[in-house]
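Trainee: Please see the structure below; I have some questions.
The values are calculated or read from the model by the stated rules, or taken from the named source; none is laboratory data. None of these values were measured; they are calculated from a predicted model. Cβ sites come from the backbone with ideal geometry, for glycine too, and all protein chains shown count toward neighbours.
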Amino acid sequence: MRQPLIAGNWKMNATRTSAEALLSGVIAGASALSKTEIVVCPPFPFLSLGERLLSGTAVKLGAQNVCTKDAGAYTGEVSAAMLAEFGCRYVICGHSERREYYGETDAVIAEKLRACATQDMIPILCVGETLQQRQQELTEQVIAGQIDGVISQIGIEAFNQTVIAYEPVWAIGTGMTATPEQAQEVHAFIRQKIADRSQAIAEKIRILYGGSMKAANAPDLLSQHDIDGGLIGGASLIADDFLAICRAGDLVAS
Ligand code: PEP
C-alpha cells in the first residue's frame with residue numbers, strides 16, 4: 001500500500017507571525033497522526049522558520065518552486081541546492097498558476113525535476129486540464145502531453161523519485177471539486193500512462209488530487225483506489241482544516 005501524502009501549498013500567503021502560528025498548529029496536531037506523510041510548502045522567506053520549527057517533528061518541509069539552473073546570474077531565482085540547505089524534501093513543480101502566469105512549459109518543468117534530483121529532493125509534478133479542455137473532452141490528451149513532455153526529456157526513471165499531483169485547473173481555488181469518480185478516472189489514466197513505461201514505478205508512484213480538497217470531501221476522494229493523497233491550497237492555511245484532511249488520510253490508511 002502506498003503511504004498517503006498530504007501537502008499544503010500556502011502559495012503567496014502568510015506573514016512571519018501567522019506562518020509561525022500555522023506551523024506550530026500543524027506540528028501539534030500532526031503528532032497524533034502516524035500513517036500519513038505530511039508536508040507544508042510555505043513561501044521562500046519562511047523556509048528558514050519552517051526548517052527550525054519542523055526539525056525533530058514528522059512534518060516535512062517543501063518549496064513551491066525551484067530554478068532550473070544550479071547557480072549564477074539569475075536574479076530572483078532560488079536554486080535546488082539552496083532549498084535542500086534549508087531542509088526542503090519536496091518541491092512543487094509545474095503548478096498550473098506557474099504554467100499560466102509565468103509561462104512554464106513542459107520542457108522547463110522537466111528541467112526543474114532534474115534540478116530536484118541533483119539534491120535528492122522529491123518533485124511534486126502538477127498536471128491538469130482547464131474547464132474548456134474538459135468540456136472539449138481533451139482531458140486525457142492534455143495530461144498525457146504534460147506527462148510525456150517531462151518523460152521525453154528526463155526519462156521514466158526520474159519518476160522513481162517523483163510524486164504526481166492531478167489538479168484540474170477548474171477546481172483550483174474555485175470551490176468546485178472533481179467528484180471522486182471523475183478524479184479516480186484521471187488518476188487511473190495517469191497510473192496507466194506510467195505503467196506503459198514501467199509497471200514497477202506505476203505501482204509505487206503516489207498520485208495526489210488537488211483542487212478544493214477540504215475536510216468534507218477528503219474521505220471520499222482519498223478512499224479512491226488511485227488517489228494517494230492531496231495537494232491542498234486554501235484549506236492548508238488553517239491548521240485545523242489541514243489537519244482534518246490529514247486525519248482522513250490516516251483513516252483510509254488504517
Ligand atoms: C492548489 O493550488 O494546489 C490547490 C489545490 O488549491 P485549492 O486547494 O485552494 O483548490
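Trainee: Just give me the residues in the stretch 154-171 being among the aliphatic types (A, V, I, L, M), within 16 Å of the ligand (Cβ to nearest atom) and not in a strand (DSSP E or B), in sequence order.
Mentor: Within the stretch 154-171, Val169, Ala171 meet the criteria.
Trainee: It is to be established whether one or more residues within the stretch 92-102 are in contact with a Lys or Arg (Cβ under 8 Å, 6 or more places away or on another chain), more than 16 Å from the ligand (Cβ to nearest atom) and modelled with pLDDT of 95 or more.
Mentor: Checked the stretch 92-102: no residue is in contact with a Lys or Arg (Cβ under 8 Å, 6 or more places away or on another chain), more than 16 Å from the ligand (Cβ to nearest atom) and modelled with pLDDT of 95 or more.
Trainee: Also: When Cys41 is evaluated against the numbered criteria (1) touching a Lys or Arg at 6+ places or on another chain (Cβ under 8 Å); (2) surrounded by 23 or more Cβ atoms within 10 Å (Cβ to Cβ), which criterion, by number, is the only one it fails?
Mentor: For Cys41, the exception is condition (1).
Trainee: Give just the number: which of (1) of a type in the set (A, V, I, L, M, F, W, C); (2) farther than 29 Å from Gly128 by Cβ; (3) in contact (Cβ under 8 Å) with a residue 12 or more places away in the chain; (4) part of a loop (DSSP other than H, G, I, E, B) does Ala58 not satisfy?
Mentor: (2)
Trainee: Something else now. Residue check: is Ile124 of a type in the set (A, V, I, L, M), outside any helix (DSSP H, G or I) and in contact (Cβ under 8 Å) with a residue 24 or more places away in the chain?
Mentor: yes
Trainee: What is the residue count in the stretch 218-242 for residues that are buried (at least 24 other Cβ atoms within 10 Å of the Cβ) and away from the ligand (no atom under 13 Å from the Cβ)?
Mentor: Matching residues across the stretch 218-242 total 3.
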